[in-house]
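As structure tokens, the structure follows; a few thoughts come after it.
The values are calculated or read from the model by the stated rules, or taken from the named source; none is laboratory data. Fair warning: this is a prediction, and the values are worked out from it, not measured in the lab. Virtual Cβ from ideal backbone geometry, glycine too; neighbours counted across all protein chains shown.
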Amino acid sequence: MKVLLKVFEAVRPTFEQGKLKAFKPLYEAMENFFFAPSTTTTTAPHVRDPLDVKRLMSMVIIALLPSIAASFYFFGLRMVAMIIVSYAAGGAVEVIFAIVRKENINEGFLVTGMLFPLILPPALPLWMVGLGVAFGVFVGKELFGGTGRNLFNPALVGRCFLSLAYPKTMSASWLEPSRDLAGRLLQYVDASSVDALSSATPLALAKQGEFASLSHQLFGSVSGSAGETSAIAIILGGVFLLLTRVANWRTVVGILGSFALLGGVLHYAHPEKVGPVLWHLCAGGLLFGAFFMATDPVSSPISNAGKWCYGIMIGCVTVLIRGFTGYVEGVTFAILLGNIFAPILDEMVIAVRIRRLRSEG
Amino acid sequence: MSVLSWIEFEATEKRKGTVKLKGGYNVLLQGRPESTVRLMPEPSVLYLPLRSKRFAFSELSVKEGEYVNAGDILARDPDNFGVPLLAPRGGKVRLEKVPGHIVIEDAAKVQEHADMAEEELLHLEQEMGAGGIKRYKLVTLGAWEFFYDAYTGAVPDPLGTPQAIIVSIASLEPFVARGDAQLRNRLLNFTRGLEQLQSLLEYQPIYLVMPDVESEFVNLLRNHIRGYAWVKIVEIPLRYPHDHVAILARRLGLKRSNGPIWAVRTEGVLATDRALTLTKPCLIRIVSIGGIGVNSPAHLNVMPGYPIKMIKERYVFEPAARLINGGILTGEPLGAEALGLDTECRGLTVLPELEDREFLGFIRPGWDRSCYAGCFLSSLRVKFHERFTTGMRGEGRPCISCSFCEDVCPAGIMPHLIHKYLYRDLIEEVDMARVDLCVECGLCSFVCPSKIDLRQQFIDAKALIEQEKQELRKEQERQEKEREEQAATKSVEEKDA
């Protein structure tokens, strides 16, 4: 590895002062990807925790592995293409902004680029994947100042954009999952193979009173967004995220708890509109949204009380959208709505805490 | 007592009884000093720094080439109630040999300076009373430098009366001298010191802070002070920085507005005993030497001005290492210009400099590194002492609002919020968010995955706010003075008219 380090050191002057000065962020991102930075502490504390943003983001990717594996299994090799397109298009926007701003390339994109294809219908045209992620990163993140300053979850902004801009394609790109033992691991299925296309997701069918079996939903062999179908895979990754403290349990418990509670009450009151709670918990993007989307630390409230309110709000709004509006799924809108409220929730909690701190000491 | 004030009294008592501590985290560094105290060879030359964290000994009392005895006053700090710098050994004073230091050559361990002259004491007693003379002794015999104001960390006014004294025998930062090592064979002196401290008070309590362990040592200490009704024992968990006196003062419900709160550590109580019981100066320090690259980390029996080189030669084998005056979380790096231990030194910590850049470090399982959030495989291991370096271990990034800093903050403030206010230059909001409650423990900077230097930012912000407040006070005073002058001239004019 010393050879590689020497190569980096040899080309460094070209990127620092030479002709390729504009591409310094790209060079630094590459160098620091392979080799830990050489910076040292100058003041106390003299030692630092080994966790950095890169590792933190990698943990999300690791937590996503079961869902990614499930999406490969059920929807085939097309997922590889979607992930590549997502990383390429979103990465390009990220790099361009870093170069223009003369700032470092942030690792936040590693997660957005992976999350985005997983929340899309699996047969969506690839150009739409690229357009969606580019829009999400540009409008959802870069316009606000980049990672750490964004108000909304960029992946959800991208998905929301696609749902509003191309509603027909979005609702006609569902794939019927493979029921073979080998899955679709060796198949590349897209919108051209008409027989594989599915007309509706379990949530859409449920509106007509047709409920998919719970075991299929747990396992993931139902139609739906690429990474959102397998409840077991999501829970597996989600619990990992909670144990490593990358995701905050308050948000997750707030969403799922309020969803179950309100869903249970409404199912009792309007069984024709709101289906059984357990079925709904495993349907659609609720689990994926609760574990991977709503827990994004940047776009969710920072205070613990704020996280509870935020979670409860998302859970309740999801139930209401699913049961009482024309939409079959409401997680995307609920989380985006939660994102809008996050700063206000924080503001309220912080105001109370500052008032309490006033008399301290 | 009215009902309301009775309820208030009850609430205060209740609060004092239960110490609720927030946050905290133990950074486990390799090379923890043993509790044995080792004698160091007698030095022939002492290098006494004229500056330390709190003191600047600018008022010299000796001349170049003068011979001094052990215990003689070499210099004083005029800004800190004349706290003296004492000669730890007799010898020849050199003032210009090393900049910023008083050098004592031909240092010899001779009988320390005789007790204070009886006549002088008698005179002082008549003038100051019994309480006053005790305070005078504490300052002159060098014990006062072990006293802190619990909230500000500054030197308290020796003539003031505190609302309480907090005595802490816990030292939880890696690595500073621990109370159990300093108290070895000196338990009696310690309890006598507590009695002496009590004699400075009227009815105010002394809070004795002990780590929450069922160790033989703590039991022994508890037995020793059984029956001291004025000593209230406060047990704290062994978690850094719950031994910090500002945190304890707040959690004990001691308000800053009710008067000063004195804080002393083990060595302060021992120095009080020596000064008040024996009327002898405190010249010896027990400091720790620990960290990575140290041969048998331990506690050392040394004196201020002890040559750092001699300690390094004997104990440090790591060639490229940072030597820190104090612990790894709050200590100051000792540069090549520092030749001797300063009077406030509590320990030396050795930390290797970062040399190798790890290949693909962020995706390694991480069996050998432990992290606050549990993002490495080592979370499956029993807690272990880690081999740290000075590496930053990541690149600086904008705050991602993970709130780890708030979780570990022992002061109950919101470091991420203050950081964001500072980023936007909202100084007034920073003040409202109570940056002044920050105890500078360094945990927020330690855990921050975005590698933001929160501690330093808060230190700078506190200084800035203090400066602005001072300027405001001066401006108000000036305006008041102007108004008074105007009123005076007006009344003179009216009289003349």
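Residue-wise test of (1) under 21 Å from B:Gly412 (Cα atoms); (2) touching a Lys or Arg at 6+ places or on another chain (Cβ under 7 Å).
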residue	(1), (2)
B:Phe446	yes, yes
B:Gln457	yes, no
B:Lys462	yes, no
B:Gln470	no, no
B:Gln486	no, no
B:Asp496	no, no
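Among the residues of region B:466-476, are any touching a Ser or Thr at 6+ places or on another chain (Cβ under 7 Å) and either within 12 Å of chain A (Cβ to nearest Cβ) or not in a loop (DSSP other than H, G, I, E, B) (or both)? No, every residue in region B:466-476 fails to be touching a Ser or Thr at 6+ places or on another chain (Cβ under 7 Å) and either within 12 Å of chain A (Cβ to nearest Cβ) or not in a loop (DSSP other than H, G, I, E, B) (or both). Has region A:219-235 got any residue that is modelled with pLDDT under 90 and surrounded by fewer than 20 Cβ atoms within 10 Å (Cβ to Cβ)? Checked region A:219-235: at least one residue is modelled with pLDDT under 90 and surrounded by fewer than 20 Cβ atoms within 10 Å (Cβ to Cβ). Only one of the numbered conditions (1) in a helix (DSSP H, G or I); (2) under 19 Å from A:Ile335 (Cα atoms) is not met by A:His216, and that is (2). Within region A:10-48, the set of residues being closer than 23 Å to A:Arg101 by Cα, hydrophobic (A, V, I, L, M, F, W, C) and away from chain B (no Cβ under 11 Å) comprises A:Val11, A:Phe15, A:Leu20, A:Ala22, A:Phe23, A:Leu26, A:Met30.
Return the residue satisfying two criteria in turn: it lies in region B:342-366 and is among the hydrophobic types (A, V, I, L, M, F, W, C) and not in a strand (DSSP E or B), and of such residues it is farthest from the other protein chains (Cβ to nearest Cβ).
Of all residues in region B:342-366, those among the hydrophobic types (A, V, I, L, M, F, W, C) come to B:345, B:348, B:350-351, B:354, B:359-360, B:362-363.
Restricting the remaining residues to those that are not in a strand (DSSP E or B) gives B:345, B:354, B:360, B:362-363.
Details: B:Cys345: 15, B:Leu354: 5, B:Leu360: 6, B:Phe362: 4, B:Ile363: 6 Å.
Among them, the one singled out is B:Cys345.
Answer yes or no as to whether B:Leu300 is assigned to a strand (DSSP E or B), within 14 Å of another protein chain (Cβ to nearest Cβ) and not small (Gly, Ala, Ser). Against the criterion (assigned to a strand (DSSP E or B), within 14 Å of another protein chain (Cβ to nearest Cβ) and not small (Gly, Ala, Ser)), B:Leu300 does not qualify. Just one of the listed residues (A:Gly108, A:Gly158, A:Gly136, A:Gly148) is crowded, with 24+ Cβ neighbours inside 10 Å, more than 26 Å from A:Leu203 (Cα to Cα) and touching a helix residue (DSSP H, G or I) at 6+ places or on another chain (Cβ under 9 Å), and it is A:Gly108.
Filter region B:183-200 for residues that are modelled with pLDDT under 90 and either crowded, with 21+ Cβ neighbours inside 10 Å or at positive phi (or both) and give the result. Once the filter is applied, which keeps residues that are modelled with pLDDT under 90 and either crowded, with 21+ Cβ neighbours inside 10 Å or at positive phi (or both), region B:183-200 yields B:Leu183, B:Asn185. Do you know which residues across region A:304-322 are away from chain B (no Cβ under 14 Å) and either under 21 Å from A:Pro343 (Cβ atoms) or touching a residue at least 60 places away in the same chain (Cβ under 8 Å) (or both)? A:Cys309, A:Gly311, A:Ile312, A:Met313, A:Ile314, A:Gly315, A:Cys316, A:Val317, A:Thr318, A:Val319, A:Arg322, listed by residue number.
Which residues, counting only those in region B:437-482, are over 30 Å from B:Leu172 (Cα atoms) and hydrophobic (A, V, I, L, M, F, W, C)? Spell out how you get there, then give the answer.
Taking region B:437-482 first, the residues over 30 Å from B:Leu172 (Cα atoms) are B:467-482.
Correct list: B:Leu472 only.
Pairing residues of region B:322-341 that are more than 7 Å from every other protein chain (Cβ to nearest Cβ) and closer than 19 Å to B:Pro307 by Cβ with residues that are of a type in the set (Gly, Ala, Ser) and in a strand (DSSP E or B), at Cβ distances under 8 Å and at least 6 apart in sequence or on separate chains, gives B:Gly326/B:Gly347.
Within region B:418-440, the set of residues being within 11 Å of another protein chain (Cβ to nearest Cβ) and touching an Asp or Glu at 6+ places or on another chain (Cβ under 8 Å) comprises B:Tyr421, B:Arg434, B:Leu437. Scanning region A:268-303 for residues that are within 15 Å of A:Thr229 (Cα to Cα) and either within 14 Å of chain B (Cβ to nearest Cβ) or assigned to a loop (DSSP other than H, G, I, E, B) (or both) returns A:Ala283, A:Gly284, A:Gly285. Among helices (runs of 4 or more DSSP H) entirely within region B:200-279, having at least 3 residues that are touching a residue at least 24 places away in the same chain (Cβ under 8 Å) and closer than 19 Å to B:Gly131 by Cα singles out B:266-277. Note on region A:1-55: residues that are of a type in the set (Gly, Ala, Ser), within 21 Å of B:Arg364 (Cβ to Cβ) and part of a helix (DSSP H, G or I) amount to 1.
So which of B:Val287, B:Val294, B:Val350, B:Val316 ends up being closer than 26 Å to B:Tyr240 by Cα and under 16 Å from the mean Cα position of the chain (by Cα)?
On the way: B:Val294 fails: under 16 Å from the mean Cα position of the chain (by Cα); B:Val350 fails: under 16 Å from the mean Cα position of the chain (by Cα); B:Val316 fails: under 16 Å from the mean Cα position of the chain (by Cα).
The unique qualifying residue is B:Val287.
Scanning for something buried (at least 23 other Cβ atoms within 10 Å of the Cβ) and facing another protein chain (nearest Cβ under 9 Å), does region B:376-387 turn up at least one residue? No, that holds for no residue. Here A:Ile61 fulfils each of the conditions (1) outside any helix (DSSP H, G or I); (2) closer than 26 Å to A:Phe34 by Cα; (3) not acidic (Asp, Glu) apart from (1).
Confirm whether B:Glu34 is part of a loop (DSSP other than H, G, I, E, B) and within 26 Å of the chain's Cα centre (by Cα). Yes. Residue count for region B:57-103, restricted to those that are under 21 Å from B:Ala271 (Cα atoms), assigned to a strand (DSSP E or B) and in contact with a helix residue (DSSP H, G or I) (Cβ under 7 Å, 6 or more places away or on another chain): 2. Residues considered: A:Leu203, A:Leu164, A:Leu156. Of these, the only one that is outside any loop (DSSP other than H, G, I, E, B) and free of Cβ contacts under 8 Å to residues at least 24 places away in the same chain is A:Leu164.
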